[in-house]
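The values are calculated or read from the model by the stated rules, or taken from the named source; none is laboratory data. Since the structure is predicted, the reported quantities are computational estimates derived from the model, not experimental observations. Every residue, glycine among them, receives a Cβ derived from its backbone with ideal geometry; neighbour counts consider all protein chains shown.
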Amino acid sequence: MIGTMLSRPAPRRIAFAVLVACGLALAGCGGSQETMTCPNAAIAPELDVQPQFAAGAPLDPANVISAGKLLSVNRGCEREKGGIAVNLTIVFSAARARPNIQQTQISYFVAVVDSSNTILNEGHFTLPVSFTQDFRTLTEKITVHLPLAHISNGDSYGAVVGFQLTPEQLDFNRRQNPR
């Protein structure tokens, strides 16, 4: 009801009066309205590129036939019964090096971490990619449910996104981009 009232065009004095009245009403509730904080969202360092190689070929840049790259991860949060729903929008790019590559798939994970970066939960996903041109941008939407007794503690957690890499792919990435 309050959101509907504020979304209508109204004189500033009325909108201000509604805000003051709502603030006073909430203050009288004895602090039962807890301020929600949202976990951070980030791309895992070194796990942001997923190169794919020709079968049996050495792991060399000349043998990369396609690749995925994590471009961004954005988050929004909303209250839900028993905690917070963290809505992630993950943007990927996919590229092919050869026109005969019509399809591929990229595998990624979304992990929930605590303030010490300890993984508390992890989900694994596969994104099919069909190429009609050499380069594509794709968007995935994932919701993470974070059960919390106090939604004000949401910022004590994080959502980390990265590609599922083999040890060889990780080693290849490290050789290409020494940090």
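Where residues in the stretch 134-179 are out of contact with any Asp or Glu (no Cβ under 9 Å at 6 or more places or on another chain) and among the charged types (D, E, K, R), which of them is farthest from Ile101 (Cα to Cα)? Restricting to residues being out of contact with any Asp or Glu (no Cβ under 9 Å at 6 or more places or on another chain) and among the charged types (D, E, K, R), the top hit is Asp155.
In the stretch 58-69, of all residues being assigned to a strand (DSSP E or B) and of a type outside the set (Val, Ile, Thr), the one that is surrounded by the fewest Cβ atoms within 10 Å (Cβ to Cβ) corresponds to Lys69. For first residues located in the stretch 142-168 and over 18 Å from Leu88 (Cα atoms) and in the same structural domain as Val112 (by TED's automatic domain parsing), partners that are of a type in the set (D, E, K, R) and in a loop (DSSP other than H, G, I, E, B) and lie 6+ apart or on another chain with Cβ distances below 9 Å form the pairs His150/Glu34; Ser152/Glu34; Leu165/Glu46. Looking across Ala44, Ala97, Ala85, Ala111, one residue alone is over 19 Å from Lys141 (Cα atoms) and in the same structural domain as Val161 (by TED's automatic domain parsing). It is Ala97. Being modelled with pLDDT under 85 and exposed (fewer than 13 other Cβ atoms within 10 Å of the Cβ) narrows it down to one of Ser7, Ser72, so name that one. Unique residue meeting the criteria: Ser7.
Restricted to the stretch 95-149, and to residues that are of a type in the set (Gly, Ala, Ser) and within 14 Å of Gly162 (Cβ to Cβ), which residue is surrounded by the fewest Cβ atoms within 10 Å (Cβ to Cβ)? Across the stretch 95-149, the extreme among qualifying residues is Gly123.
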